[in-house]
1. Round to the nearest 10 and give me the degree value, 0 to 90, for the angle of helix 212-225's Cα axis relative to the longest principal axis of the chain.
2. Using the heavy atoms of the protein chains alone and a 1.4 angstrom probe, what is the accessible area of the stretch 1-102 per residue in square angstrom?
3. Farthest toward the dipole's positive end in the chain, which of I13, S81, A138, given Cβ charges of +1 (Lys, Arg) and -1 (Asp, Glu) about the Cα centre?
4. Heavy atoms only, 1.4 Å probe, whole protein assembly: order H287, H312 by accessible area, highest first.
5. Return the calculated 222 nm mean residue ellipticity for the chain, to the nearest 500 deg cm²/dmol, obtained by summing -39500 (n - 2.57) across DSSP H runs with n ≥ 4 and dividing by the residue count.
6. How far apart, in nm, are two points set 7 Å out from the Cα along the Cα-to-Cβ line at L195 and at S169?
7. Helix 130-143: angle to the longest alpha-carbon principal axis of the chain, degrees 0 to 90, nearest 10?
8. Long-range amide H contacts for Q228: which residues qualify at under 5 Å (H placed 1.01 Å from N, peptide plane, sequence gap of 5 or more or a different chain)?
Amino acid sequence: MIENYDHYISKSIKSVYRRKLIAPFLYMLLLAAVWVLTPLSSLLFPSGASGYGEIASHYEKGDTYIETTLTDLYFTGYTSSFFGQNTGYYYYTVLDGECVFVLLSPRTSEEGLPFIEETQIRGKILYQGRAFEQLTQALAEDLSWTASGMAGKVSPYVLSEPAFFSPLSVLLLALFFATGLYALVSIIISFLYILFPVLSPPCRQLGRFGKARELLAQAEEELATLPQLATEDMFITEHYFIEIADFGIAVVPIQEIIWIYKYSTLHKLFWYHFNISYTLHITANRHLYLQCPKNRKSDIDGIIDYLAEANHNILVGFSEENRLKVQEIQGKPMKFEKLIAFLKKRV
C-alpha cells in the first residue's frame with residue numbers, strides 16, 4: 001500500500017499518459033521504416049529518369065515510381081480496360097535504342113492520339129507480366145512475327161501512367177498519412193496531458209461539477225493528508241471518490257453520486273472457471289457514468305458501504321426501481337450519451 005499520496009492524482013495521470021506514448025511512438029518508428037524501405041515515398045516524390053539506363057537502374061533498386069519526359073510516342077492500337085472501360089492506351093517509343101511500351105492515361109493520350117510528340121508523365125515501372133505478353137502476342141500477329149521474336153525486340157520494362165496512382169496505392173498512401181497523423185496527434189496530446197494534468201480527461205470530467213483546477217487541488221490535498229478508505233486502486237477522502245488504475249483515472253465528488261452497484265463477471269475457459277471479478281458502477285449527476293472493473297468483492301463492498309454512509313441520498317444496488325429513480329433525477333439521456341455509455345468499458 002502506498003503511504004505517500006502527495007500529488008498522487010497528478011502523478012498518476014502523468015504515468016498513464018507516459019504509457020500511452022509508447023504505442024504511437026513505436027508506430028511512428030514503423031511508419032518511418034516503411035517510408036525509407038518501400039517505394040511509398042516515391043509516390044509523392046518520384047525519381048527523375050531521362051533514359052533507358054536510368055529506368056532499368058531504378059527498377060533494380062526497387063525505386064519503381066518515376067517522373068520522365070517522353071518523345072515520339074506512337075499508338076499501338078491497343079488499350080487497357082477494366083470492366084469495359086478504357087483505363088489506358090498503349091504506345092511505344094525508343095529510348096537509347098530500346099523500344100519501350102508506355103501505357104498512357106486517357107487524359108494524357110487524349111483518348112488515343114496516333115502520335116504524341118512529347119509528354120511528361122509520372123509512371124510506375126512494370127516488368128513484363130501478363131499484359132506485356134498479351135500485347136507482344138497481338139503485335140506479333142499483326143506483323144506476322146513470332147511472339148518470342150517480338151518480345152526480343154522490345155524492352156521488358158513497361159512504363160504505366162495509370163499504375164502510378166492506382167486505387168490501391170492511393171489507399172495505402174491515405175492510410176499511411178491518416179494513421180500517421182492520428183499517432184502524431186496522440187503523441188502531442190499525451191505530452192500535453194503530461195505537462196498539464198488539469199487538461200486531461202479525468203480533470204475535464206471533474207470540471208462538470210466546478211472549476212477543475214480547484215477541485216483537483218482539494219482532492220489532492222485530502223488524499224495526501226487523510227484518506228478515509230483505500231483499496232488497491234480506489235480511494236475515498238472526505239469529499240471525493242477516487243479511482244486510480246492502470247487503464248484510467250476518475251475523481252468524483254461524493255455529493256454528486258446518485259447510484260452505485262456492483263456487477264460480477266465469471267472468467268472461464270471452456271468448462272474451467274478461473275475466478276470472479278467485480279465491477280463497481282457509479283452514476284453521478286450531469287450524466288456521468290463510471291465503471292471500475294477487476295476489483296475484489298470485499299473492496300467494492302467496503303466502498304459501497306462507505307459511500308452510502310457518506311451520502312444518504314445515494315441509491316445502492318441494481319434494481320429496476322433504482323434505475324427509474326435515476327432516470328427521473330437525470331432525465332432521459334441523449335442518444336449520444338447512450339452510445340458513449342454503451343461503448344465505455346473502463347473508467
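1. 60
2. Values: 5880 Å² over 102 residues.
I get 58 Å² per residue for the stretch 1-102.
3. Highest projection toward the positive end goes to I13.
4. If we order H287, H312 from most to least accessible, we get H312, H287.
5. -13500 deg cm²/dmol
6. That separation, rounded to one decimal, is 3.9 nm.
7. 20
8. For Q228, the qualifying residues are I236, T237, E238.
The values are calculated or read from the model by the stated rules, or taken from the named source; none is laboratory data. Since we're looking at a predicted model, the values are computed, not measured. As a convention, Cβ positions derive from the backbone with ideal geometry for all residues, glycine included, and neighbour counts pool all protein chains shown. The area values use the complete protein model at the heavy-atom level, side chains included, leaving out ligands, DNA and RNA. Shrake-Rupley method; radii C 1.70, N 1.55, O 1.52, S 1.80 Å.
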